[in-house]
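Worksheet: the structure to be examined is printed underneath.
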Amino acid sequence: MLQMKTHYPDAHRVEPVNRHTLAVVVDNEPGVLARIAGLFSGRGYNIESLTVTETEHEAHISRITIVTTGTDSIIQQIKSQLERLVPVHRVVDLTMTGEAVERELCLVKVVGKGDHRVEAMRLASAFGARTLDATLTSFVYELTGTTDEVERFIKLMTAVGLVEVSRTGVAAMARGAEGIL
Amino acid sequence: MSETMTGAEMVIRALQDQGVEHVFGYPGGAVLPIYDALFHQENVRHVLVRHEQGAVHAAEGYARSSGKPGVVLVTSGPGATNAITGLADAMMDSIPLVCITGQVPTHLIGSDAFQECDTVGITRHCTKHNYLVKSIEDLPRILHEAFYVAQNGRPGPVVVDLPKDIQFKAGTYVRPTNNQHKTYRPTVKGDMDHIRAAIELMANAKRPVFYTGGGVINSGPHASALLRELVQLTGFPITSTLMGLGAYPASDKQWLGMLGMHGTYEANLAMHECDVMINIGARFDDRITGRLDAFSPYSKRIHVDIDPSSINKTVKVDIPIVGDCAHVLDDLVRLWRQGARQADKVELKEWWNKIEGWRARNCLAYKNSKETIKPQYAIQRLYELTKDRAPYVTTEVGQHQMWAAQYFKFEDPNHWMTSGGHGTMGYGLPAAVGAQLAHPDALVIDIAGEASIQMMLQEMSTALQYNLPIKVFILNNEYMGMVRQWQELLHGGRYSQSYSESLPDFVKLAEAYGGVGIRCDNPAELDAKIMEMITVNRPVIFDCIVDKTENCFPMIPSGKAHNEMLLNDYLGETGADIGSVIDEKGKMLV
Ligand SMILES: Cc1cc2nc3c(=O)[nH]c(=O)nc-3n(C[C@H](O)[C@H](O)[C@H](O)COP(=O)(O)OP(=O)(O)OC[C@H]3O[C@@H](n4cnc5c(N)ncnc54)[C@H](O)[C@@H]3O)c2cc1C
Ligand SMILES: Cc1ncc(C[n+]2csc(CCOP(=O)(O)OP(=O)(O)O)c2C)c(N)n1
Ligand SMILES: [Mg+2]
């Protein structure tokens with residue numbers, strides 16, 4: 001439970017804070033990412049993860065996936081504030097449209113010899129990670145999964161010689177036949 | 001029809017096609033081609049200001065008083081950064097502007113070239129939208145789009161940053177079409193189910209109140225006409241924010257005066273006690289709500305706003321209606337008439353009796369004096385002596401602004417221009433320049449403070465150059481009065497840096513600019529001197545020497561609720577020591 005921000009120093013409303021995944025469809029024009037990132041920092045909203053790529057090249061449309069946290073009213077404000085931006089076409093709260101499918105990809109480099117090296121291989125196969133590179137002293141693994149799975153994988157790998165991590169952030173999509181756009 | 005021309009020519013051509021008559025600007029290296037294109041034509045008139053911030057405020061005054069977008073033209077680097085305060089002001093108060101800034105040539109962008117700055121980066125947060133033009137092919141579309149975006153939906157300032165090489169390049173000009181943005185389509189028509197629910201709630205209200213704001217003004221004179229109709233049909237009381245003054249005639253008996261921090265006793269208590277609040281185009285600003293958890297505790301709320309982000313932002317509402325005020329008011333009036341709806345007459349009568357009781361407190365009363373001019377008296381006289389001429393009034397920021405809002409009565413929209421959300425000292429004089437250009441034959445008055453006026457004083461020179469007979473009416477209390485008042489409330493009367501030291505002789509200053517200076521410090525002479533001011537057909541600075549100690553009441557101290565208002569000592573009912581009414585938490589607020 002986090003307290004809702006009001007301009008009066010005493011918070012009077014206490015509302016639960018939830019994690020939401022938003023899909024934001026935008027014109028892929030210069031500065032659009034800065035506009036969105038700036039909106040979050042300027043208004044004090046959280047960004048847990050943000051991914052962006054052009055999804056329709058002909059129409060120059062990008063899809064931005066943002067994972068954020070807030071009370072229901074803050075999430076509503078975030079949506080309205082995003083929709084207010086001129087290049088934003090649509091904002092869909094995937095958390096509200098039902099259990100969305102969410103995945104992120106991470107690359108993990110582990111360095112070690114002996115027991116650590118063996119344990120790293122065991123863990124990787126238990127998680128179903130792919131081996132992208134191997135030397136006599138190191139591995140680079142790729143794991144795709146939910147944020148929780150990725151977190152767990154990284155935590156375990158830390159104990160067996162993790163030296164570097166690169167993550168994509170969350171890509172998400174609503175279940176069912178209906179598409180956004 | 002398409003024609004070939006240079007980028008600079010396209011700018012002027014687009015302005016013409018958008019019906020622009022006046023551009024407020026200041027030249028410099030990065031806009032010279034545009035200035036050259038201006039030179040070759042006579043349709044678009046350029047108004048040379050003396051500071052780029054002045055250009056933006058002048059465009060705001062022009063826009064607010066005419067309902068048309070204001071247009072600004074400035075150079076790169078310092079020209080653009082000087083314009084920032086004005087853009088932020090227009091953003092906060094939802095004023096439609098198009099500001100064209102020069103930029104270094106595209107191949108130099110990012111190289112720290114002479115007078116380069118990241119204008120789109122800097123203005124991203126204080127504009128509704130902005131563009132950096134990177135090719136001549138995009139220019140005509142972007143120019144027209146800028147006008148469309150500035151005016152549609154919730155209005156605001158739009159910046160078009162135009163590199164110098166593109167101003168020189170030749171390209172094909174395309175005329176504006178109807179829908180100028182491929183996806184930006186704000187909702188203007190309200191949801192009918194919600195509108196019907198609103199009618200139901202209103203018809204069953206026992207203690208209703210209309211709370212209206214700047215959105216009604218933004219929506220145009222038709223919205224004000226419909227608002228009048230609805231208010232009169234329902235018989236409900238109405239109050240408005242600072243930004244909405246004039247949408248409803250202040251002379252009408254259903255009018256309760258402005259609400260909020262310096263609003264009237266009756267308006268604020270009506271908000272506190274109401275059971276149905278009908279918010280039309282206002283944004284629950286903190287100057288209105290005071291302490292949020294104590295704001296209007298018994299009400300069900302209807303909120304009409306074109307911007308969904310204004311709804312449920314700080315105050316939860318029961319019936320949100322996203323749409324343009326004029327469209328929604330039209331539906332409300334029609335449905336109310338069709339159903340021959342009426343709120344319970346007995347309950348409404350009782351509600352009015354209660355309100356009349358509050359009104360009888362006469363919260364704007366003050367103790368007048370024969371020796372010194374009371375600032376409230378000065379505004380009252382200014383109003384009485386000018387009201388027949390339906391003047392356009394602008395203000396600076398401070399106590400004088402609040403007294404103007406309280407004692408000057410507005411009958412029509414677009415006659416009142418003030419910096420509400422940003423509270424920018426220096427707004428009033430350039431805004432008066434803009435308003436006078438839009439209404440050459442009207443009486444335009446800037447109600448000023450001696451501190452604020454010095455922030456954009458150089459625009460007197462603009463007024464002189466264009467023969468704009470604006471009247472700068474300074475309530476000279478030798479203090480940053482609003483700061484002094486807060487220091488009295490919060491900091492034990494330690495007037496740190498709020499005394500207006502080394503003031504210029506405003507009469508001589510007016511004369512130095514080539515205008516007329518008038519000074520008055522005697523209440524008995526005030527009327528004659530005000531008449532002298534409005535009779536002379538030249539720019540005037542009126543130095544009205546007023547009581548230095550007067551404070552602005554009523555006041556809801558920060559962190560307090562509507563029913564914890566401070567009234568003028570003269571009313572003898574506060575009984576509280578003014579230095580001790582704000583608690584520690586309140587002191588943190590602004
Ligand atoms: C020293 C000082 C003291 C102040 N004291 C007070 C005070 O006592 N009382 C007071 O009222 N103010 C006061 N203000 C002003 C205050 O800060 C706010 O600027 C003001 O209250 C906001 O007015 P508003 O709610 O009408 O909103 P605006 O800023 O005018 O916003 C308009 C709202 O309407 C919406 N809108 C715009 N166009 C349309 C349309 N076409 N259709 C529908 N909706 C539309 C917008 O989305 C927005 O939500 C003070 C300012 C200063 C500088
Ligand atoms: C640009 C700017 N700087 C500072 C302030 C803070 N401020 C608000 S009112 C005020 C004093 C204004 O004094 P004056 O113009 O004499 O008006 P008065 O209150 O005396 O009527 C100040 C400094 C502001 N609103 N704008
Ligand atoms: Mg003063």
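Every number in this text was worked out from the coordinates using simple rules, so none of it is lab data. All of these numbers come straight from a predicted model, not from anything done at the bench. As a convention, Cβ positions derive from the backbone with ideal geometry for all residues, glycine included, and neighbour counts pool all protein chains shown.
Ellipsoid fit via the Cα gyration tensor, segment B:433-500: semi-axes of 32, 11, 8 Å, each the root of five times an eigenvalue, largest first. Taking a point 7 angstrom from the Cα of A:ASN18 along the C-beta vector, which residues in segment A:136-162 have backbone N less than 19 Å away? Backbone N within reach: A:147-148.
By the beta-carbon count within 10 Å of each Cβ, the least crowded to most crowded order of B:MET243, B:MET531, fewest first, is B:MET531, B:MET243.
Between the residues B:HIS422, B:HIS107, B:THR264, the greatest Cα displacement towards the positive end of the dipole of the protein assembly as shown, with unit charges on the Cβ of Lys, Arg, Asp and Glu, is found for B:THR264.
The modelled label-to-label distance between A:GLU29 and B:ASN522, using points 7 Å beyond Cα along the C-beta direction, is 6.3 nm.
Applying 1/(1 + (r/R0)^6) with R0 = 30 Å to the Cβ-Cβ distance of A:ARG130 and A:THR69 gives a FRET efficiency near 0.45. A straight chain from B:LEU233 to B:ASN204 at 0.36 nm per residue would run longer than the Cα-Cα distance by 9.0 nm.
Using only Cα atoms, locate the centre of segment B:385-445 and the centre of segment B:162-222, then give the distance between them in Å, rounded to an integer. Centre-to-centre (Cα) distance: 24 Å. In the calculated pair-distance distribution of segment B:375-545, the portion above 22 angstrom amounts to 38 percent of the Cα-Cα pairs. Cα-based radius of gyration for chain B, normalised by 2.2 N^0.38 Å, reads 0.98. In this structure, B:GLU532 and B:SER111 have a Cβ-Cβ separation that, at R0 = 41 Å, corresponds to a calculated FRET efficiency of about 0.10.
For segment B:192-359, the number of Lys pairs with C-alpha atoms closer than 15 Å, counting only pairs eight or more positions apart or on separate chains, is 8. Please report the spacing between the Cα centers of segment B:53-116 and segment B:1-52 in Å, no decimals. Here the two parts' Cα centres lie 14 Å apart. Going from the residue with the fewest nearby Cβ atoms within 10 Å to the one with the most, B:THR172, B:THR462 rank B:THR172, B:THR462. Sorted ascending by nearby beta carbons within 10 Å, beginning with the fewest, B:TYR392, B:TYR479 become B:TYR479, B:TYR392. Extents of segment B:215-333, largest first, come to 35, 32, 22 Å (Cα atoms, principal axes, whole angstrom). Calculated mean residue ellipticity, 222 nm, chain B: -11000 deg cm²/dmol, from DSSP H runs (n ≥ 4) at -39500 (n - 2.57) each, averaged per residue and rounded to 500.
For segment B:8-110, the Cα-based Rg and Dmax, in that order, read 13.1, 41 Å. Length gained on full extension, B:LYS345 to B:THR549, computed as 0.36 nm times the residue gap minus the Cα-Cα distance: 68.9 nm. Projecting the Cα atoms of A:ALA120, A:THR68, A:THR53 onto the dipole axis of segment A:51-135, where Lys and Arg carry +1 and Asp and Glu carry -1 at the beta carbon, places A:ALA120 farthest toward the positive end. Once the chain from B:THR183 to B:ALA170 is taken as fully extended at 0.36 nm per residue, the excess over their C-alpha distance is 1.9 nm. Here is the list for segment B:2-105: GluC sites (Glu not before Pro) lying in DSSP coil, each with at most 10 other C-beta atoms within 10 angstrom of its C-beta, are B:GLU42.
Too long at a 30 Å Cα-Cα cut-off: which of A:LYS79/B:LYS182; B:LYS529/B:LYS587; B:LYS367/B:LYS585?
As for pairs spanning more than 30 Å Cα to Cα, those are B:LYS529/B:LYS587; B:LYS367/B:LYS585.
Taking only the Cα atoms of the protein assembly as shown, the radius of gyration and Dmax are 29.2, 101 Å. Think of it as helices only: each DSSP H run of n ≥ 4 in chain A is worth -39500 (n - 2.57), and spread over all residues that comes to -8500 deg cm²/dmol at 222 nm. Shape summary of segment B:207-285, radius of gyration then Dmax from alpha carbon positions: 11.1, 30 Å.
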